[in-house]
Amino acid sequence: MQVGYARVSKQHEQDTAAQLRALEVAGAERVFTEHASGGRWDRPELHKMLDQLRAGDTVIVWKLDRLSRSLKDVLHLMELLSERGVGFRSLTEAIDTTTPAGRMMMQMVGAFAEFERAMIRERTKAGLEQARLEGRVGGRKRKLLPHQEQDIRESVQSGQRTAAQCARLFGVHPSTVTRLLQRQP
């Protein structure tokens with residue numbers, strides 16, 4: 001049986017329509033569709049597909065990164081498929097693991113996909129560092145202004161108010177006040 005697997009990321013509003021058409025043209029008799037990150041291993045549709053595969057089946061994906069974004073996971077999946085006597089085809093990269101050349105090509109393409117992901121991480125890290133150097137800080141906006149933080153410290157340390165009272169007074173969660181008090185002024 002020809003089994004298709006289509007995946008799009010939840011983070012981006014993507015559509016599986018193009019993948020589904022390509023899998024249908026390639027002869028997929030059954031298709032499992034997933035809306036999840038390719039970097040995660042806990043994808044229910046992927047595992048459902050793996051549970052239903054039998055020797056002689058072939059898994060078809062539109063593109064290798066639809067299966068996984070991690071070379072380690074791709075190689076693990078390829079090993080699982082191989083142990084069960086299941087073939088693998090990637091339509092975009094023209095990989096067919098039922099041939100020795102296809103198995104070699106799949107490993108090379110997987111390595112390039114992981115390399116590209118590592119490069120993206122490096123560029124993102126460099127961009128964040130540059131932003132920090134320019135005084136821009138990412139993350140959530142602070143709940144309390146510096147003078148409010150000082151008021152809370154003084155009130156709690158002098159015994160005028162409890163941490164819980166300060167939290168209610170300034171409209172923040174008690175854990176925000178607890179973390180503030182644990183930090184050095």
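None of the figures in this text is laboratory data; all of them are computed from the coordinates on show. Everything numeric in this text was worked out from a predicted model, so none of it was measured. Cβ atoms come from the backbone with ideal geometry, glycine included; neighbour counts cover every protein chain shown.
Evaluate Rg over Rh across region 72-175, taking Cα atoms for both radii and Kirkwood's formula for Rh.
Working: Rg = 27.2 Å, Rh = 19.2 Å.
That ratio is 1.42, to two decimals.
Give me the dipole magnitude in Debye, nearest 20, for the chain about the Cα centre, with unit charges on the beta carbon: positive for Lys and Arg, negative for Asp and Glu. Walk me through the numbers before you get to the answer.
Numbers: 30 positive and 23 negative charges, 194 e Å.
For the chain, the charge dipole is close to 940 debye.
Straight distance only, please: which lysines reach the Cα of residue 72 with their own Cα at less than 18 Å, same-chain residues fewer than 8 apart left out?
In chain and number order, the partners are 63.
From Cα pairs below 8 angstrom and at least 6 apart in sequence, can you work out the relative contact order of region 1-84, rounded to a whole percent?
Result for region 1-84 is 38 percent.
Mind listing the phi-derived Karplus ³J(HN,Hα) values for region 128-145, rounded to whole Hz, using 6.51, -1.76 and 1.60 with θ = phi - 60°, and x for any glycine or proline?
5, 5, 4, 4, 4, 4, 8, x, 8, 10, x, x, 6, 5, 5, 6, 10, 7
Between region 12-31 and region 96-117, what is the separation of their alpha carbon centroids in Å?
21
Do you know the relative contact order of the chain, to the nearest whole percent, from alpha carbon pairs under 8 angstrom that are 6+ apart? Don't jump to the answer; show the numbers that get you there.
On the way: 216 pairs, mean separation 27.8, N = 185.
That works out to 15 percent.
Taking the Cα centre of region 17-127 as the origin, how large is its charge dipole in debye, to the nearest 20, when only Lys and Arg (+1) and Asp and Glu (-1) carry charge on their Cβ atoms?
Numbers: 17 positive and 16 negative charges, 59 e Å.
Here the size comes out at about 280 debye.
Per 10 Å bin, what percent of the C-alpha pairs of the chain does each bin hold, from zero upward?
8, 26, 20, 12, 14, 13, 7, 1
Putting +1 on Lys and Arg Cβ atoms and -1 on Asp and Glu Cβ atoms, find which of 67, 119, 169 reaches farthest to the positive end of the dipole of region 38-185.
In region 38-185, that residue is 169.
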